[in-house]
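Working notes for the structure below.
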Amino acid sequence: MAQDPLYGYFTAVAGQDGQISADELQRCLTQSGIAGSYQPFSLDTCRLMITMLDRDMSGSMGFQEFKELWQALNGWKSTFASYDRDRSGTVEAQELQQALVTMGYNLSPNALNGIIRRYSVSGRIPFDEFIGCSVRLRCLTDQFQRRDTSRSGHASFHYDDFIQVTMSV
């Protein structure tokens, strides 16, 4: 059986425990070149990536989680690149909105404006912020859907549960 090419990137930074932390993930993603010509991922974005896939709540990522992240990152990178038509490494607010719709998010104008205020830098959204936004939206949507068992668009949260969910993302 041929070894997965991603395994080399992963093992180059994974410790004896076969897990990678946020700073190791940042190093791994930078060395792999997945960000392409865009700025490398911030430590905060790497923490979010781990949180998104950290099913055992270890605060680190194993190889299978890393492979899942790699697949998600490539999808988000392709989406971003398709809207970064001038190859500036940023997208405009309207392009972000279009990208989010493409990714399946149907957000109200108020929610979208909040996202744009949070992630834009001088009216444009850089690649790292786009990835951070995508990770947060996925995490929050997953957490919401777990609680919206009837798929009504409404969920009940206890205060403590709400704080845990929002603080983790």
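The values are calculated or read from the model by the stated rules, or taken from the named source; none is laboratory data. Just so you know, these numbers come straight off a predicted model, no measurement behind them. In this analysis, Cβ positions are derived from the backbone assuming ideal geometry, glycine residues included, and neighbour counts consider all displayed protein chains. When the accessible area is computed, the model is the full protein with side chains, heavy atoms only, and any ligands, DNA or RNA have been set aside. Shrake-Rupley method; radii C 1.70, N 1.55, O 1.52, S 1.80 Å.
Assorted remarks:
- Counting Lys and Arg as +1 and Asp and Glu as -1 over every other residue whose Cβ lies under 11 Å from the Cβ of Ala14, the net charge comes to -1.
- Rolling a 1.4 Å probe over the protein heavy atoms of the stretch 39-140, with every protein chain left in place, gives an accessible area that is 49 percent carbon and sulfur.
- Volume per residue for the stretch 1-85 equals 106 cubic angstrom (convex hull of Cα atoms).
- Among the GluC sites (Glu not before Pro) in the stretch 81-150, none is located in a DSSP loop while being surrounded by at most 14 other Cβ atoms within 10 Å of its own Cβ.
- Accessible surface calculations at 1.4 Å, restricted to protein heavy atoms, place the stretch 1-116 at 55 Å² per residue.
- The stretch 42-133 - Debye-derived log10 I(q)/I(0), Cα point model, q = 0.24 Å⁻¹: -1.23
- Rg and Dmax over the alpha-carbon atoms of the stretch 95-169 stand at 13.4, 40 Å.
- For the stretch 49-169, averaging the sequence separation of C-alpha pairs within contact (under 8 Å, six or more residues apart) and dividing by the residue count gives a relative contact order of 23 percent.
- Built amide H within the under 5 Å cut-off of Val91, gap 5+: Ile125
- Kirkwood hydrodynamic radius of the chain, Cα pairs, Å: 17.1
- The stretch 89-152: relative contact order in percent, alpha carbon pairs under 8 Å with at least 6 residues between: 38
- Within a Gaussian network of the chain (alpha carbon springs, distance under 10 Å), most fluctuating of Ala14, Ala111, Ala99: Ala111
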